[in-house]
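Comments concern the structure below.
The values are calculated or read from the model by the stated rules, or taken from the named source; none is laboratory data. Owing to the predicted nature of the structure, the values given are computational and were not obtained by experimental measurement. When we count neighbours, we look across all protein chains shown, and the Cβ atoms used for this are built from the backbone with ideal geometry, even at glycine.
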Amino acid sequence: MDLFQAQERIAVLSEQIREHNHAYYMNDTSEISDYEFDQLLEELQKLENEFPQFTEENSPTKRVGGAITKKFETVVHQYPMLSLSNSYNREELIDFDQRVQKLAGKKVEYTCELKYDGVAIGLQYKNGQLHRAVTRGDGAKGDDITENVKTIRSVPLKLRGDYPDDFEIRGEIFYPISVFKALNESREDIGEDRLANPRNAASGTLKMQDSKVVASRRLDCYLYYVLGEHLPFKSHEENLNAAASWGFKVPKKSEKLFATYQSIEGIFEFIDYWSNGRNQLNFEIDGIVIKVNDYYLQEELGYTAKSPRWAIAYKFKAEQVETRLNEITYQVGRTGAITPVANLEPILLAGTTVKRASLHNADQIAKLDIREGDLVQVEKGGEIIPKVVRVNLSQRPVNSQPTKYITQCPECQTALIRVEGEAKHYCLNETGCPTQIKGKMTHFISRKAMDIDGLGEETIEQLFAGGLIHNYADLFTLNEQDVLKLDRMAQKSVSNLLQGIENSKQVPFERVLFALGIRYVGETVSKKLAKHFKNMNTILNASLEEMIAVDEIGEKIAESLYFFLQKEEHFELINRLKSYGLQFEIIEEESTQVSIIFEGNTFVVSGVFENYSRNDLKKTIEDYGGKNVGSISKKTDYLVAGDKMGPAKKEKAESLGVTILSEQEFVDMLD
């Protein structure tokens with residue numbers, strides 16, 4: 001076979017295999033036998049081995065895996081992957097509908113679809129080819145697992161039809177129940193432990209280093225949301241239908257996996273249908289997702305910090321089981337917060353064995369009148385976290401005694417305090433309570449904080465027990481000789497640990513600030529503080545009033561930050577970290593600001609514009625010194641109003657005296 005014949009045959013085989021794959025996984029039809037399909041794939045593989053120059057990047061042979069990934073690259077999402085707000089009762093859905101209707105000022109059409117219980121994934125396609133597959137991660141960034149996702153046969157590697165040049169589609173990867181059961185049976189046959197549940201198994205499979213093993217697991221995927229700058233349609237339903245024509249497996253109306261309604265009653269019908277019918281599916285779901293169908297209205301409604309305002313998830317009632325409460329113990333958190341824990345007679349619940357459940361605080365114990373020896377009802381909140389929901393009083397032992405909440409820290413015996421207005425008790429011995437010390441160090445090295453490679457919770461325990469560290473600043477004084485003396489510490493692992501500590505000195509200031517473990521100062525607050533004050537010295541010298549004045553930093557956060565920095569031991573820790581070379585000053589990005597004509601002015605951008613995208617307008621406002629906010633208030637100076645803007649926003653702007661600008665009026669202001 002010459003080069004031309006080989007190239008032509010590879011192209012023909014690739015197209016044939018794609019068509020057969022699409023027919024089987026998208027249309028549930030089989031035009032050839034499994035043996036014939038395997039023969040085509042084998043022929044293609046042999047030709048690609050012989051003529052590698054003609055192998056496509058997304059060849060069908062990628063489905064069988066073979067690539068080894070030592071470490072998954074972290075990728076920043078182009079569009080944040082936010083979670084949905086959850087509802088557990090119909091009244092909350094009615095409230096959601098009323099809010100949306102009021103803001104829209106018109107009848108709103110909703111879509112309903114299943115809430116798949118799997119692993120969220122974002123797939124980016126460029127020029128019709130799968131470019132990248134990224135997990136949700138923390139919502140802002142996730143792991144690139146492209147090689148593993150390529151092995152999932154319901155994920156198209158090459159698209160068909162008329163598709164956008166560059167777009168993203170999101171969905172859920174899951175184990176079909178039948179496949180999961182067969183996998184567990186095969187594991188039992190070879191003496192391995194059964195996997196706990198399909199969701200956790202899917203998550204673990206997608207993080208395997210060998211894509212060939214991932215291919216053998218036969219994962220599946222439904223795609224349910226299309227994003228991009230140049231989508232063909234302006235409604236969720238139309239874009240999903242288009243995605244189906246491009247080769248994606250999407251929920252369809254014909255299969256009752258998708259529906260549209262203009263009334264809350266219709267939504268309830270869909271919920272009732274699947275609440276009763278979900279056990280007939282070959283995959284797990286834990287609720288129903290309701291979305292506004294109109295993309296323009298989605299933009300208008302916008303987002304909170306954590307979730308879109310135009311969608312909500314209705315969660316099915318969690319499964320409950322009854323078991324015996326053997327003992328109540330108490331955990332100490334890194335902030336000194338005490339959490340009571342119910343130690344239970346092990347019971348199978350929603351696919352996992354549950355032995356412990358949080359009792360939250362003293363008020364919850366008193367409210368339930370929960371006691372050791374009680375029979376209790378346990379469920380998984382959001383089908384993830386076990387919690388005790390009620391006590392079977394009819395079965396309470398006659399010698400039962402009321403629970404007395406502890407008065408001293410179970411770790412260091414310090415007297416507990418409870419601040420007025422707080423639900424939890426606290427141990428204030430933060431520099432002498434071993435659990436708090438180790439908890440602060442574990443937080444310090446965590447992925448969202450200093451992200452120190454080669455260092456985990458177990459190693460922190462070992463270093464602390466060996467007397468090598470007493471706080472997180474001590475990590476930067478570790479040396480190879482001392483660490484090698486510890487058990488199970490080999491030369492290579494010690495080298496990796498010390499290199500990880502050294503590399504962490506390049507972590508940016510906002511993450512260092514978060515790593516300090518100041519109560520109420522999370523990731524978002526740390527970024528705002530870093531951006532406002534620029535460096536640690538300015539924060540240390542700031543008054544309480546100056547901290548409160550920072551945008552979106554309330555009195556509670558400011559007080560926590562201020563009093564943390566007033567303590568001498570914290571001041572010394574920070575100075576030590578400075579001396580070791582950590583970043584305590586923000587590295588300013590190259591400014592794109594061209595003018596200050598909008599300095600001190602706050603803008604809301606809403607609607608659809610003729611010559612600019614909303615993002616273009618927002619960037620221009622920032623480039624000219626202005627500030628963008630998501631909602632109108634008495635502090636808003638201008639509303640830049642486009643077509644299809646909700647009447648509620650206009651009415652609010654007029655009532656508050658906010659200046660309303662058209663697109664052209666905004667451009668004229670720049671001139």
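Per the listing Leu540, Leu561, the residue uniquely part of a helix (DSSP H, G or I), modelled with pLDDT of 90 or more, of a type in the set (A, V, I, L, M) and surrounded by fewer than 19 Cβ atoms within 10 Å (Cβ to Cβ) is Leu540.
Just one of the listed residues (Ile121, Ile94) is more than 24 Å from His230 (Cα to Cα), assigned by TED's automatic domain parsing to the domain that holds Thr205 and among the hydrophobic types (A, V, I, L, M, F, W, C), and it is Ile94. Screening the range 434-468 for residues that are in a loop (DSSP other than H, G, I, E, B) and surrounded by 21 or more Cβ atoms within 10 Å (Cβ to Cβ) and picking the one that is modelled with the lowest pLDDT gives Leu455.
Being under 14 Å from Gly171 (Cα atoms) and not small (Gly, Ala, Ser) is the filter here, so list the residues in the range 99-124 that pass it. Glu113, Leu114, Lys115, Tyr116, Asp117, Val119, Ile121, Leu123, Gln124 - these are the residues of the range 99-124 that are under 14 Å from Gly171 (Cα atoms) and not small (Gly, Ala, Ser).
With respect to (1) at positive phi; (2) in contact with a Leu (Cβ under 8 Å, 6 or more places away or on another chain); (3) surrounded by fewer than 19 Cβ atoms within 10 Å (Cβ to Cβ), the lone exception for Gly247 is condition (3).
Okay, residues lined up against (1) of a type in the set (Phe, Trp, Tyr); (2) farther than 30 Å from Phe564 by Cβ; (3) not assigned by TED's automatic domain parsing to the domain that holds Thr335:
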site: Ile370; (1), (2), (3): no, yes, no
site: Glu379; (1), (2), (3): no, yes, no
site: Val388; (1), (2), (3): no, yes, no
site: Val391; (1), (2), (3): no, yes, no
site: Leu416; (1), (2), (3): no, no, no
site: Thr442; (1), (2), (3): no, no, yes
site: Ser446; (1), (2), (3): no, no, yes
site: Gly454; (1), (2), (3): no, no, yes
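When the residues of the range 285-300 are filtered to those that are within 22 Å of the chain's Cα centre (by Cα) and at pLDDT 90 or above, the one that is nearest to Gly118 (Cα to Cα) is Ile285. Considered as a group, the residues in the range 634-671 that are among the aliphatic types (A, V, I, L, M) and part of a loop (DSSP other than H, G, I, E, B) include one that is modelled with the lowest pLDDT, and that residue is Met645. Take the conditions (1) over 33 Å from the mean Cα position of the chain (by Cα); (2) among the charged types (D, E, K, R); (3) outside any helix (DSSP H, G or I); Glu552 misses just one of them, which is (1).
A Cβ distance below 6 Å, combined with a sequence gap of six or more or placement on separate chains, defines the contacts here; from the range 297-324, residues that are within 25 Å of Ser235 (Cβ to Cβ) and among the aliphatic types (A, V, I, L, M) reach residues that are at pLDDT 85 or above and surrounded by fewer than 17 Cβ atoms within 10 Å (Cβ to Cβ) in the pairs Ile312/Ser85; Ala313/Asn86. Of the candidates Val149, Val134, the single residue that is touching a Cys at 6+ places or on another chain (Cβ under 9 Å) and either under 27 Å from Lys291 (Cα atoms) or among the basic types (Lys, Arg) (or both) is Val149. Only strands (runs of 3 or more DSSP E) whose full extent lies in the range 304-413 are considered here, and the ones with at least 1 residues that are charged (D, E, K, R) and within 30 Å of Ser631 (Cβ to Cβ) are 311-315. Does the range 194-203 include one or more residues that are crowded, with 19+ Cβ neighbours inside 10 Å, modelled with pLDDT of 90 or more and in the same structural domain as Phe258 (by TED's automatic domain parsing)? Taking every residue of the range 194-203 in turn, at least one turns out to be crowded, with 19+ Cβ neighbours inside 10 Å, modelled with pLDDT of 90 or more and in the same structural domain as Phe258 (by TED's automatic domain parsing). Only one entry in Lys212, Lys207 is over 25 Å from the mean Cα position of the chain (by Cα) and either assigned by TED's automatic domain parsing to the domain that holds Asp144 or at positive phi (or both), namely Lys212. The set of residues from the range 399-428 being hydroxyl-bearing (Ser, Thr, Tyr) and within 33 Å of the chain's Cα centre (by Cα) comprises just one member, Tyr426. Scanning the range 301-309 finds one or more residues that are at pLDDT below 90, surrounded by 15 or more Cβ atoms within 10 Å (Cβ to Cβ), touching a strand residue (DSSP E or B) at 6+ places or on another chain (Cβ under 8 Å) and among the aliphatic types (A, V, I, L, M). Please count how many residues of the range 60-79 are under 11 Å from Gln209 (Cα atoms) and either at pLDDT below 80 or assigned by TED's automatic domain parsing to the domain that holds Arg136 (or both). Final tally of qualifying residues: 7. Among the conditions (1) in the same structural domain as Leu561 (by TED's automatic domain parsing); (2) at negative phi, the only one that Leu484 does not satisfy is (1). Here the helices (runs of 4 or more DSSP H) wholly within the range 179-287 that include at least 1 residues being within 30 Å of Glu299 (Cα to Cα) are 236-246, 264-277. The residues in the range 337-362 that are touching a residue at least 60 places away in the same chain (Cβ under 8 Å), surrounded by 18 or more Cβ atoms within 10 Å (Cβ to Cβ) and within 30 Å of Asn184 (Cα to Cα) can be counted, and the count is 2.
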